[in-house]
1. Quick test for you: out of T617, T705, pick the one residue that is touching a Phe, Trp or Tyr at 6+ places or on another chain (Cβ under 8 Å), at pLDDT below 70 and open to solvent by 30 Å² or more (accessible area, probe 1.4 Å).
2. Taking the condition part of a strand (DSSP E or B) and crowded, with 21+ Cβ neighbours inside 10 Å, does Y295 pass?
3. I'd like the full set of residues that are farther than 16 Å from D357 by Cβ, of a type in the set (A, V, I, L, M) and within 31 Å of the chain's Cα centre (by Cα), limited to the stretch 290-346.
4. Look at R689 and say whether it is at pLDDT 90 or above and either hydrophobic (A, V, I, L, M, F, W, C) or not in a strand (DSSP E or B) (or both).
5. Among the residues of the stretch 837-859, which ones are under 19 Å from T767 (Cα atoms), small (G, A, S) and within 38 Å of the chain's Cα centre (by Cα)?
6. Show me the helices (runs of 4 or more DSSP H) found entirely inside the stretch 1-90 where at least 2 residues are surrounded by 10 or more Cβ atoms within 10 Å (Cβ to Cβ) and at pLDDT 85 or above.
7. Filter the stretch 351-382 down to the residues that are touching a strand residue (DSSP E or B) at 6+ places or on another chain (Cβ under 6 Å) and small (G, A, S), then identify the one that is least open to solvent (accessible area, probe 1.4 Å).
8. Kindly indicate whether any position in the stretch 108-119 is over 34 Å from the mean Cα position of the chain (by Cα), closer than 29 Å to R228 by Cα and free of Cβ contacts under 8 Å to residues at least 40 places away in the same chain.
Amino acid sequence: MAAAMVAAVHGVGRQDRSSPGGGGAPQVDTGKYVRYTPEQVEALERVYGECPKPSSLRRQQLIRECPILSNIEPKQIKVWFQNRRCREKQRKEASRLQTVNRKLTAMNKLLMEENDRLQKQVSRLVYENGYMRQQLHNPSVATTDTSCESVVTSGQHHQQQNPAATRPQRDANNPAGLLAIAEETLAEFLSKATGTAVDWVQMVGMKPGPDSIGIIAVSHNCSGVAARACGLVSLEPTKVAEILKDRPSWYRDCRCVDVLHVIPTGNGGTIELIYMQTYAPTTLAAPRDFWILRYTSGLEDGSLVICERSLTQSTGGPSGPNTPNFVRAEVLPSGYLIRPCEGGGSMIHIVDHVDLDAWSVPEVLRPLYESPKILAQKMTIAALRHIRQIAHESSGEMPYGGGRQPAVLRTFSQRLSRGFNDAVNGFPDDGWSLMSSDGAEDVTIAFNSSPNKLVGSHVNSSQLFSAIGGGILCAKASMLLQNVPPALLVRFLREHRSEWADPGVDAYSAAALRASPYAVPGLRAGGFMGSQVILPLAHTLEHEEFLEVIRLEGHSLCHDEVVLSRDMYLLQLCSGVDENAAGACAQLVFAPIDESFADDAPLLPSGFRVIPLDGKTDAPSVTRTLDLASTLEVGSGGTTRASSDTSSTCNTRSVLTIAFQFSYENHLRESVAAMARQYVRTVVASVQRVAMAIAPSRLGGQIETKNPPGSPEAHTLARWIGRSYRFHTGADLLRTDSQSMDSSLKAMWQHSDSIMCCSLKAAPVFTFANQAGLDMLETTLIALQDISLEKILDDDGRKALCTEFPKIMQQGFAYLPGGVCVSSMGRPVSYEQAVAWKVLSDDDTPHCLAFMFVNWSFV
């Protein structure tokens, strides 16, 4: 045994009769050992680098090509490669375990610090509780002592409320004054990052672990809104600091960061005076800007700190630039604490604390600016995720999509997001101007006659704008949604493009990338669209965002529409489709591209953004989609239904923003504007219809069951389904006291098991489903016909159906074993048993097939 171990270390091979694949336990043939020379090992290592598992022919070829291996038998070389693969596997596993151990060690240290902070917070709360009890038992003291606030609140909080009392006015000509502000900022930031200056509440679902993003917490009852994150990354502190300072690369709402002054400090740090602008998330609020002092310094324990705060009249310091149409917001002491970890990597503490001046926006939109969860998703978690993404890419373990490196694909994602933000905001300094309205205020039209300034010098814009002159036109609108989860709506819009998109408009956008222009299309009420094929390009580490190419298969509608017969391509960015991510913004942004898909291809992003609003229990519950502009006019009351319809409704609200961009030639600008305005109105109507259809089906028992379709055909089909089931199986499917058609349809619609019907065709598609069936498939009656039976069944389900199909057609029914299928959104669904039966019409001819999935649930 010892000799074998020594042989493995020194490149010794043992002849065996193991399988060609290297699996199973080796069997000793002759017990003969072979010692390889360094030259032989070098030759074998070269081949191993090219092919770790060479075939028998390749090994024989190796012996012929390398004379130094001529004295070694092919079986012995085979054993060498087996041993080499085994050592490589052991090395990788050992490295992985070491990495996990380092993460667990660092996470344990982090949890111990968090536990210590919580104990301090508990002690403070116990003290405050005792003090308040004392005040209640001594009312005379409570009425005469006016200094209780200074006792109950922390010193840092008191300084935040009354900063002018202790801070003299400072200006840019006094570096010592700026350094004093920086040191105060550092102290207050550290008290939030590792102390108890803010009452932190951990976000739901953010639990620590070796593979988790970290510990995420949000503020509770503090001035402004704040979020904090603690996590581990496998990058050195200096690299982490460099990434975090490049805020536009990871903060998608950041429009620009201008460093106007850099002042070195005596302790080796730097003070920077920064002007930053951020986008408005919707068309109904103004963007924000910030005037910030940023301080970078090192601590005695080797940690690196980047902290910042706004310079205001109360803090002192120089005044920053003022830009029209921007609302000045404030950064309260925030920043990043970056600690080096033993064995490499860093431990990061992130604190974001801002006051976004929520009172300057309409009341219905204030939750966007008052929610710490939204701040955590947009800034705090986004920063940590971006760093983890860069670390993962640096490890070389991330596959490239479409032959492009991750940095290139990440640039595409940033360009799509930034282009959509530019369209929603329409800044005048980018060249945007508003067009006159047609009388209605629901859709805003803006145009940009200087698109090269907007697109940028690094992009080849000659494809978009012809020599005769042109520009970009944007049509945009916002609305309020009730009881529609943002993630579900965006997933539906992504999966069912034909429900809202117009193929003629898509063709117009695609034709703008070609040399030959395409006439402005007329909108079709029910134009046929070819199928869409999703081609994945890249996704982030936690799959919260993914980049993909959409191929729209063209179909000519008539001989004059040859352009529609060509395939069209979209570059698409989808994010925020996790329904469990509290405060996450769901977004679907896309732009037409041509077949070449060059790195410098011009992009005109369009799309949808849905941002959740914190529900207010005292607001009336409405289960319909409302136009946000009308809500702003009449107040937050809206239109209410009868109390019986809203008594159990969960009032969740979100803001939907839609923006579509089109290129135009100067002589066609008015025609394109009219088309764009009408198209956005059509899309808004489609989204409202979809929202009303999917809203109740995802909120379980909190909402009354959606009414079944009331057409005569639906009543007849329900009667046929129940009668055929009783005829074939001898049992009653629908247990009703009444024999009326209304009661049969209602009983089937409310049946707890999933019941659905599909056509009797070579490729069966679903034609009807009850409420449970729609829930299981995660779809609507409108989109049900786009789903085929084969699409939802897995391999075992398809085999079982093929085996039992003759029995179904002869005997009329069959029981299928339990298994797993998938919804239209790709989620696995388990069921205990399935029943399939023929549905017979009144003249006993086969009408369709019915399926019932018993006791189904999402896996």
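The values are calculated or read from the model by the stated rules, or taken from the named source; none is laboratory data. Quick caveat, the model's predicted, so the values are computed rather than measured. For neighbour counting, all protein chains shown are included, and Cβ atoms are generated from backbone atoms with ideal geometry for every residue, glycine included. Just so you know, the surface numbers come from the protein's heavy atoms only, side chains and all, with ligands and any DNA or RNA stripped out. Shrake-Rupley method; radii C 1.70, N 1.55, O 1.52, S 1.80 Å.
1. T705 is the lone residue from the list that is touching a Phe, Trp or Tyr at 6+ places or on another chain (Cβ under 8 Å), at pLDDT below 70 and open to solvent by 30 Å² or more (accessible area, probe 1.4 Å).
2. So Y295 fits the description; yes.
3. Hits for the stretch 290-346 are L304, V305, I306, L337, I338.
4. Numbers: at pLDDT 90 or above: no; either hydrophobic (A, V, I, L, M, F, W, C) or not in a strand (DSSP E or B) (or both): yes.
The answer is no for R689.
5. From the stretch 837-859, those under 19 Å from T767 (Cα atoms) are 837-842, 845-853; that's our starting set.
Subset that is small (G, A, S): 841, 850.
Scanning the stretch 837-859 gives a single hit, A850.
6. Values: elements: 2-9, 38-50, 56-65.
Qualifying helices (runs of 4 or more DSSP H): 38-50.
7. A376
8. Filtering the stretch 108-119 down to residues over 34 Å from the mean Cα position of the chain (by Cα) leaves 119.
Checking the rest, the ones that are also closer than 29 Å to R228 by Cα come to 119.
Next, only the ones that are free of Cβ contacts under 8 Å to residues at least 40 places away in the same chain stay: 119.
So far as the stretch 108-119 goes, yes, one or more of its residues are over 34 Å from the mean Cα position of the chain (by Cα), closer than 29 Å to R228 by Cα and free of Cβ contacts under 8 Å to residues at least 40 places away in the same chain.
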